[in-house]
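*Asks:* Pasting a structure here, questions to come.
The values are calculated or read from the model by the stated rules, or taken from the named source; none is laboratory data. Worth saying up front: this structure is predicted, and the values here are computed from it rather than measured. Cβ: placed from backbone, ideal geometry, glycine included. Neighbour counts: every protein chain shown.
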């Protein structure tokens, strides 16, 4: 096991790598790496943690392949054109579809009023809220199709509903809080 330590002190940066060595060898390692130039630190860090130095797109792609595998989508309040795009999305990314909201469903795709991220309050929306799922604007699937890869859905998460005529972040609060808060 190796431990990498970087400390910032006024006018002094020190960098050390400590291996499972004797105390004397560790002492020599620390002395050897003190006051290493920033270029040398980057080179050492690249060797120790190569994933950190991959291009951001490649790192996201690695994580997102796993995310696609576990998605099960359903939809609510989509018009015919949106349903067509939804089907295209499901087929293009080979994502599982569920006609109902159940304990395996991960995302509900819904229409919104304009670009407000407020949706009609349907039975499926209520079920999705109670199951702490992502409730996402239909615009998210369009963006993924345009980009031809996974796009983070958080920017497209529904933030309110049309019955309240306000943004209340109830969907986000439900998704991020696993407790059932209705009677609390």
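*Asks:* In segment 122-137, how many are modelled with pLDDT under 90 and buried (at least 18 other Cβ atoms within 10 Å of the Cβ)?
*Replies:* Of the residues in segment 122-137, 1 are modelled with pLDDT under 90 and buried (at least 18 other Cβ atoms within 10 Å of the Cβ).
*Asks:* Which ones in segment 88-110 are part of a loop (DSSP other than H, G, I, E, B) and buried (at least 16 other Cβ atoms within 10 Å of the Cβ)?
*Replies:* In the first step, residues of segment 88-110 are kept if they are part of a loop (DSSP other than H, G, I, E, B); the result is 93-95, 98-106.
Those that are part of a loop (DSSP other than H, G, I, E, B) and buried (at least 16 other Cβ atoms within 10 Å of the Cβ): 93, 95, 101, 105, 106.
*Asks:* If you don't mind, there's one more thing I want to ask. How many residues, within segment 72-87, are within 22 Å of residue 173 (Cα to Cα) and surrounded by fewer than 17 Cβ atoms within 10 Å (Cβ to Cβ)?
*Replies:* Adding up the residues that qualify gives 1.
*Asks:* Within the bounds of segment 158-172, is there any residue that is part of a loop (DSSP other than H, G, I, E, B), in contact with a helix residue (DSSP H, G or I) (Cβ under 8 Å, 6 or more places away or on another chain) and farther than 26 Å from residue 91 by Cα?
*Replies:* Yes, there is a match, as at least one residue in segment 158-172 is part of a loop (DSSP other than H, G, I, E, B), in contact with a helix residue (DSSP H, G or I) (Cβ under 8 Å, 6 or more places away or on another chain) and farther than 26 Å from residue 91 by Cα.
*Asks:* Taking residue 84 as meeting all but one of (1) under 12 Å from residue 137 (Cβ atoms); (2) part of a helix (DSSP H, G or I), write down the number of the exception.
*Replies:* (1)
*Asks:* For segment 149-165, which residues satisfy the criterion of being surrounded by fewer than 18 Cβ atoms within 10 Å (Cβ to Cβ) and more than 17 Å from the chain's Cα centre (by Cα)?
*Replies:* Hits for segment 149-165 are 162, 163, 164, 165.
*Asks:* Right, another one. Among the residues of segment 83-140, write down those that are more than 20 Å from residue 162 (Cα to Cα) and touching a helix residue (DSSP H, G or I) at 6+ places or on another chain (Cβ under 7 Å).
*Replies:* Once the filter is applied, which keeps residues that are more than 20 Å from residue 162 (Cα to Cα) and touching a helix residue (DSSP H, G or I) at 6+ places or on another chain (Cβ under 7 Å), segment 83-140 yields 85, 86, 88, 89, 92, 93, 95, 97, 101.
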